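Encoded as structure tokens, the structure appears first; notes follow it.
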Amino acid sequence: MNTSARSENSSVSNAAFPYLDGLNPPQREAVTALDGALLVLAGAGTGKTRVLTTRLAHLLATRTAGPHQIMAVTFTNKAAQEMKHRVSALLDGRPVEGWWIGTFHSLAARMLRRCAERIGLTSNFTIIDTDDQMRLLKQIAEAEGVDTKKYTPRILAGVIDRWKNSALKPENIGEEEGSRIAGGRMPKLYRLYQDRLKNLNACDFGDLLLHMITVLKDPANRDLLDLYHDQFRYLLVDEYQDTNTAQYLWLRLLAQKHGNICCVGDDDQSIYGWRGADIGNILRFEKDFPNAKIVRLEQNYRSTPEILNAANALIAHNAGRMGKNLWSASDAGEKINLRQVWDGRQEAREIGEDIENLWRQKHRLNEIAVLVRAGFQTREFEERFMTIGLPYRVIGGPRFYERREIRDAVAYLRLTVQAADDLAFERIVNTPKRGVGPAALADLHDRARRDGVPLFEACLRLCETDALRPKLRSTLFDLTQSFLRWRGQAAEIPPAELAEIILEESGYVDMWKQDKSVEAPGRLENLKEFVAAIGEFETLGGFLEHVAL
């Protein structure tokens, strides 16, 4: 479609494009302003997904671009699939083929398959998983004489991941950047790791974007950059506030010719800073694209004006934001009741009383909800509700004492208090990983059955023989001695302090510190809350009985 025809998109009638019906003026502007750079600042509940999918449909319906000329970047594969279905529905169910829609890494991998030889790989390269990455880093670190107990493979992988998120190759790392890690050998380990990956014809997750940035920035590959410039005339990016440096640089390379890039995000909702996300990417959008248009989606369809006014007043104090003011056309709604309480226990007590009063007024319990910021905060409420006999359900996650990390921690305490607790032993003997596989566990069970003793005692006895591999025997000996030591400290140390010692010395807390999953920070917060809860009891036995009941 020619430029003059495209310029008419903003004045098209809803009759010609019925999917425009129901859009408010800013939403319509964001959908129909197809040419040039566009930043859509979308507040919570303002119809961001509707704008994205309708804009995609409008690009296709107006024949401004074909499916293969559009790249749409999402943060999850689920979001990409949802977008495809919605666009197809807007186009009367017409299937859309030739899409380039997906996550940053899936799209980068698709590109890299086409030009792998330019980075020293072949098109059938392997994308290694986390376990392979840990094993490879451990081999390299041990060969270099690095203490892998102090600098575990997860620590090394975390450093390398941060460098890759910042688009830094080994030759870009200064000595000072790795001087405090692995005795200053981290830059060398990174280089050796990358060399080893290349020898294996493999990439890790971070390489997908890093390699494509390297290829596209190389003047020798100008032909490839020109190819992608000609193909991708329109870029759409979701959750732009959570992009990291590598993602930002990759997008800029692809958008630099046509400048038709639409980024949707919320400068007040950046939550992935711990993953390398840089809120500066959204704040400097107008500098990156000088003629960019900014559209603010401020009409909220979820909340009442009373709630929005309070939220606006709070968030106005945030530094580093472009500014917007959410509003709603709905009725004002009830005023917010703000209370100050001394601690979580008082909060739970007052909320429990409020719920009982509502119940006496004939309100149904399933009409009442308690929202918390983080999962660990449910504990105080659960304990209070159990005390007053108030039935409840935890939505969006298991009950506090049913969470994996809490069950593991309880198992450690149970085995400290009661050496005959075989179920607790089985749960934690290889958590964190200690090399106790099915065969080793079977040996422990055989010895326990033969001698008629608990698994813990069988483990002690096997450690005095040559029946186990030397390394495994040493590991299990250390574990059993730790439990004997903790058991002896139980009468001397307050239970909360002892629990903290057990979780630290066992390596359990460190396991979650090194874990890079989205859930790990929440699990660590839950463990802190768990230890705090034990402080209310005089003995570990008393606490464990409380949990069991």
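The values are calculated or read from the model by the stated rules, or taken from the named source; none is laboratory data. In this text, all values refer to a predicted model and were calculated from it rather than measured experimentally. Cβ: placed from backbone, ideal geometry, glycine included. Neighbour counts: every protein chain shown. SASA here: full protein model, heavy atoms, side chains in, ligands and nucleic acids out. Shrake-Rupley method; radii C 1.70, N 1.55, O 1.52, S 1.80 Å.
Between residue 364 and residue 105, what length comes free when the chain is fully extended (0.36 nm per residue of separation minus the Cα-Cα distance, one decimal in nm)?
88.6 nm
Leaving out ligands and nucleic acids, note down the accessible area per residue over the chain with a 1.4 angstrom probe, in whole Å².
On a per-residue basis, 51 Å².
Largest first, what is the accessible-area ranking of 223, 331, 268, 408 with a 1.4 Å probe?
331, 223, 268, 408
Starting from region 45-123, pick out the trypsin sites (Lys or Arg not before Pro) whose DSSP state is loop and whose Cβ has at most 13 other Cβ atoms within 10 Å.
63
Straight-line reach only, C-alpha to C-alpha below 17 angstrom: list the aspartates and glutamates that residue 257 could link to, leaving out same-chain residues fewer than 8 apart.
Straight-distance partners of residue 257: 35, 218, 223, 226, 230, 286, 288.
D for the chain, whole µm²/s, Stokes-Einstein with Kirkwood Rh over alpha-carbon pairs at 37 °C and 0.692 mPa s: what number?
118 µm²/s
Quick one: length gained pulling residue 269 to residue 227 fully straight, 0.36 nm per residue minus the C-alpha distance?
11.6 nm
How much net charge surrounds residue 229 when only other residues with a Cβ under 14 Å from its Cβ are counted (Lys, Arg +1; Asp, Glu -1)?
+2
Looking at 318, 412, 125, which one has the Cα that reaches farthest to the positive end of the dipole of the chain (charges on Cβ: Lys, Arg +1; Asp, Glu -1)?
Farthest towards the positive end: 125.
Just need the relative contact order of the chain here, percent rounded to a whole number, with Cα pairs under 8 Å and 6+ apart.
Dividing the mean separation by the residue count of the chain yields 14 percent.
Pull up the cross-link candidates among the lysines for residue 513, meaning alpha carbon to alpha carbon under 28 Å and not fewer than 8 places away within one chain.
Reachable lysines: 78, 138, 149, 150, 164, 169, 188, 433, 471, 528.
Treating only the Cβ atoms of Lys and Arg (+1) and Asp and Glu (-1) as charged, compute the dipole magnitude of the chain about its Cα centre; round to the nearest 20 debye.
1440 debye
Once you place label points 7 Å from the Cα toward the Cβ at residue 113 and residue 172, how far apart are they in nm?
That separation, rounded to one decimal, is 2.6 nm.
Before anything else, pin down the relative contact order of region 353-450: Cα pairs under 8 Å, at least 6 apart, normalised by residue count, whole percent.
This gives 13 percent for region 353-450.
Keeping all protein chains in position, work out how much accessible area residue 426 exposes to a 1.4 Å probe, and write it in Å² to the nearest 10.
That residue has around 70 Å² of solvent-accessible surface.
What's the local net charge at residue 341, with K and R +1, D and E -1, over the other residues with C-beta under 10 Å away?
0
Angle, helix 77-90 long axis vs. longest principal axis of the chain, Cα atoms, 0 to 90°, nearest 10?
Taking Cα atoms only, the helix is inclined about 30 degrees.
Please give the contour-minus-distance gain from residue 310 to residue 467: 0.36 nm per residue of separation, less the Cα-Cα distance, rounded to one decimal in nm.
Difference between extended and current length: 49.8 nm.
Ordering 359, 99 by how much accessible area each has at a 1.4 Å probe, largest first, what is the list?
Order by accessible area, largest first: 359, 99.
Could you compute the net charge surrounding residue 194? Neighbours are other residues with a C-beta less than 9 Å from the C-beta of residue 194; K and R count +1, D and E count -1.
Taking every Cβ under 9 Å from that of residue 194, the sum is +2.
Under 25 Å Cα-Cα from residue 335, which lysines qualify once same-chain neighbours fewer than 8 residues away are excluded?
Candidates past the 8-residue exclusion: 324, 362.
What FRET efficiency do you get for residue 420 and residue 220 if R0 is 51 Å and r is their Cβ-Cβ distance, rounded to the nearest 0.05?
Given R0 = 51 Å and the Cβ-Cβ separation, E is 0.15.
So, with a 1.4 angstrom probe, what is the percent of accessible area on region 407-549 that is carbon and sulfur?
52 percent
Mind giving me the nanometre distance, one decimal, between the label points for residue 519 and residue 373, set 7 Å out from Cα along Cα→Cβ?
Using points 7 Å along Cα→Cβ, the separation is 2.3 nm.
Using only Cα atoms, find the angle between the long axis of helix 520-534 and the longest principal axis of the chain, and express it within 0 to 90 degrees, rounded to the nearest 10.
40 degrees
Under a 1.4 angstrom probe, counting protein chains only, how are 191, 296 ranked by accessible area, largest first?
191, 296
By DSSP, what percent of the beta bridges with both residues in the chain are antiparallel, rounded to the nearest 5?
Of the beta bridges lying entirely in the chain, close to 5 percent run antiparallel.
Just need the relative contact order of region 10-109 here, percent rounded to a whole number, with Cα pairs under 8 Å and 6+ apart.
That works out to 24 percent.
Which FRET efficiency value, to the nearest 0.05, do you get for residue 430 and residue 336 by plugging their Cβ-Cβ distance into 1/(1 + (r/R0)^6) with R0 = 35 Å?
Working from the Cβ atoms, E equals 0.10.
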